[in-house]
Structures are given as C-alpha cells and as structure tokens.
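The values are calculated or read from the model by the stated rules, or taken from the named source; none is laboratory data. Bear in mind the structure is a predicted one, so any value in this text is a computation, not a measurement. As a convention, Cβ positions derive from the backbone with ideal geometry for all residues, glycine included, and neighbour counts pool all protein chains shown.
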Amino acid sequence: MKALVTGGGGFLGSRICELLRRRGDDVFALGRRSYPHLDSIGVQTIQADIRDIGVVGQACKGMDAVFHTAALATLWGPRQTFWEINVDGTCNVIGACIRHHVSKLIFTSTPSVVFGREPLCGVDESQPYPAHYAAYYPESKAKAEQMVLDANGPDLCTVALRPHLIFGPQDPHLIPRVIARARAGKLRQVGDGANLVDVTYVDNAAQAHLLACDALRPGASCAGKAYFISQGEPVALWPWLNHLLSRLGIPAIRRSVSFQTAYRMGAIMELIHASLRLKSEPKMTRFLALQLAHSHYFNLSAAQRDLGYHPLVSTEEAVERTVAYFQNHPQ
C-alpha cells in the first residue's frame with residue numbers, strides 16, 4: 001500500500017509512519033519541517049503546510065490511503081487560525097483525495113468534539129455534538145470531522161478516530177507540560193480529584209489507525225463513522241498524574257482549587273489575553289478547567305466490533321515505558 005500521513009512528523013503521525021513502514025508499506029509524510037528520524041526508516045517527507053492546497057494535492061496523487069493527523073491542537077489562539085488549519089486544511093485533503101482517486105481517508109479526530117460543559121461517563125458514539133464549545137479547538141475539529149464523514153462514498157471511504165489524551169515515550173505535549181508545571185510548583189488539582197478520564201498509549205492509537213485503514217472499504221461497517229479510542233480502562237486523573245510524578249522523583253501535587261474558581265479564572269484570563277491580543281497561552285482557560293475537573297471516558301464497543309480494536313499495550317506497561325523514557329530524557 002502507498003500511504004500519505006499528514007502531520008507525519010508529529011507524535012502520533014510519526015508512530016503511524018513507523019508502523020506502516022514496519023509492515024512494508026510505501027510511506028510519505030507531509031509536514032512543515034524536515035524529519036531525519038523518518039528519513040532514516042525510509043519515509044519520504046514532503047515539507048509543506050496543510051493550508052497549501054497545491055502541495056497537498058500533489059502529495060495525495062497516487063496514494064491508496066491518506067492518514068490525516070495534521071492539526072492545530074493548542075488550547076488558545078485566534079479562531080481564524082484554528083479554522084484555516086483544522087477546517088480548511090481538512091477540506092484541502094478531502095478535495096485532493098477525491099481529485100486523485102484516493103480510496104481511503106483516515107482522519108484523526110478527538111473526543112473533545114462531543115465535550116460541552118457536562119461530564120461524559122461511558123458514552124458511545126451516539127453522543128451528539130454540543131450546541132456550544134468552550135474553545136476553538138474542539139469546535140474546529142468537530143467541523144472537520146463532520147466534513148470527513150460526509151465525504152464518505154463508494155469512491156472515497158472515510159473514517160474518523162477519536163483517541164483520548166495520547167501519551168508515551170517522546171510525548172512532546174501532555175507529560176512534559178505536567179512535569180514542567182509540577183517542578184515549578186505551579187500545578188494545582190482542579191476539582192475534588194475524583195474524576196475519571198480515558199488515556200491512550202501512542203502505540204495503541206497508531207495501531208487503531210492501521211486497523212481502521214485495513215477495515216475501510218465500500219459498504220464496510222466503519223465507513224462514514226467515528227470511533228472512540230483509548231486504553232479502555234479510565235484512570236483517576238489526579239492520582240494517576242501523581243503516580244507518574246512520584247516515579248520521576250517529582251513532588252506530588254498538594255494544592256487544589258475548586259472547579260468553579262478555576263472556571264472563573266479561565267474566563268478572566270481568556271478575556272485579558274483576547275483584549276490585549278497576547279500570543280502566549282493563558283495558564284487557565286474555561287475548556288482546560290472543564291477537562292481537568294470533569295470525568296470524560298468512553299465506550300469502546302463500536303471500535304472493538306467494527307475495527308477489531310483492543311489495546312496491545314496495557315496501561316501498566318504503557319506507564320512503565322513512559323516513565324523509563326522520561327527518566328532517561330529529563331525535561
């Protein structure tokens with residue numbers, strides 16, 4: 001199979017590239033920079049921005065499948081930028097797949113597309129999109145997901161995966177951020193600490209993408225649908241983070257703030273940053289307060305049934321691998 005991975009140099013994208021190469025597929029990666037680690041395993045890289053419709057079209061030419069992982073996944077920024085990358089960029093990919101007769105499009109979405117202001121406890125894919133979003137990221141990803149699923153048809157089969165809180169060795173986002181804030185004494189528990197959340201080891205998230213690709217064909221049960229992906233066993237967020245920190249020799253999180261206080265702080269900080277047009281990310285936002293204080297875990301029955309998805313790496317082993325990596329690569 002000949003496959004293109006947009007965002008191929010990213011945390012998840014690079015792992016998808018590695019697994020595809022391991023099984024003998026011809027792999028191309030589209031990203032904004034050069035990626036020597038991908039070059040070293042035989043991945044051909046294309047340096048471009050997902051917003052460049054011409055280059056995206058050329059990159060999709062001759063592909064059997066496209067894995068679209070590229071996205072702006074930060075908590076803060078102008079709505080226009082989120083829209084240009086997450087929505088218009090996805091539109092470029094869909095259009096290129098149609099023009100160049102790509103038969104499969106696997107889209108990396110997020111469970112945040114169904115996250116409004118209430119906890120999500122064991123919900124399945126029937127959970128509707130909320131009427132309002134607390135941030136531009138989930139709003140833009142929801143729009144992109146709908147576009148991908150609407151594009152499904154006999155000539156282009158599409159599927160969307162929603163992996164939740166991806167972590168693992170070489171994680172540039174979740175774990176380093178927690179470590180930095182904890183070491184600086186700036187990390188506080190939000191809420192009562194009883195909230196359960198799903199997490200996903202990066203290898204399991206990548207494997208789910210390959211399973212979806214292999215299952216995708218006209219008339220397949222997964223065609224035109226979205227699927228939650230995780231370890232399948234929610235963790236108590238704050239004890240789980242404290243366990244990671246203790247394994248890394250970092251003091252546990254002792255201080256806490258109520259959800260209501262964090263949410264108000266987030267609203268105020270957002271207003272200040274927007275009014276002063278600050279480019280830095282607020283230390284707290286409404287969306288972040290909701291994520292840190294509420295439960296959000298999901299039913300994986302559909303992914304198990306239609307994709308044959310089961311985590312290959314257990315949560316315990318995933319934590320061991322992650323801890324070992326960060327012990328050897330201090331942040």
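Test residue 255 against the stated conditions and say whether it is at pLDDT below 95, touching a strand residue (DSSP E or B) at 6+ places or on another chain (Cβ under 8 Å) and farther than 26 Å from residue 107 by Cβ.
The answer is yes for residue 255.
Return yes or no: is residue 187 in a strand (DSSP E or B) and closer than 28 Å to residue 285 by Cβ?
So residue 187 fails the test.
Within segment 155-209, can you find the residues that are farther than 22 Å from residue 236 by Cβ, surrounded by 15 or more Cβ atoms within 10 Å (Cβ to Cβ), hydrophobic (A, V, I, L, M, F, W, C) and over 14 Å from the mean Cα position of the chain (by Cα)?
156, 157, 159
Mind counting the residues in segment 280-307 that are among the basic types (Lys, Arg) and part of a helix (DSSP H, G or I)?
Looking only at that region, the number is 2.
If you check 98, 46, which single one turns out to be over 18 Å from the mean Cα position of the chain (by Cα), of a type in the set (Val, Ile, Thr) and in a strand (DSSP E or B)?
The conditions single out 46.
Quick check on segment 205-254: of everything there that is part of a loop (DSSP other than H, G, I, E, B), of a type in the set (D, E, K, R) and in contact (Cβ under 8 Å) with a residue 12 or more places away in the chain, which residue is farthest from residue 125 (Cα to Cα)?
Per the stated criteria, the residue is 217.
Of the residues that make up segment 267-279, is at least one assigned to a loop (DSSP other than H, G, I, E, B), free of Cβ contacts under 8 Å to residues at least 12 places away in the same chain, in contact with a helix residue (DSSP H, G or I) (Cβ under 8 Å, 6 or more places away or on another chain) and over 30 Å from residue 317 (Cβ atoms)?
yes
Would you confirm whether any residue within segment 129-141 is touching a strand residue (DSSP E or B) at 6+ places or on another chain (Cβ under 6 Å), surrounded by 17 or more Cβ atoms within 10 Å (Cβ to Cβ) and part of a loop (DSSP other than H, G, I, E, B)?
Looking for residues that are touching a strand residue (DSSP E or B) at 6+ places or on another chain (Cβ under 6 Å), surrounded by 17 or more Cβ atoms within 10 Å (Cβ to Cβ) and part of a loop (DSSP other than H, G, I, E, B), one finds none in segment 129-141, hence no.
Given (1) out of contact with any Ser or Thr (no Cβ under 6 Å at 6 or more places or on another chain); (2) over 20 Å from residue 110 (Cα atoms), where does residue 302 come up short, assuming only one miss?
Residue 302 satisfies all of (1) out of contact with any Ser or Thr (no Cβ under 6 Å at 6 or more places or on another chain); (2) over 20 Å from residue 110 (Cα atoms) except (2).
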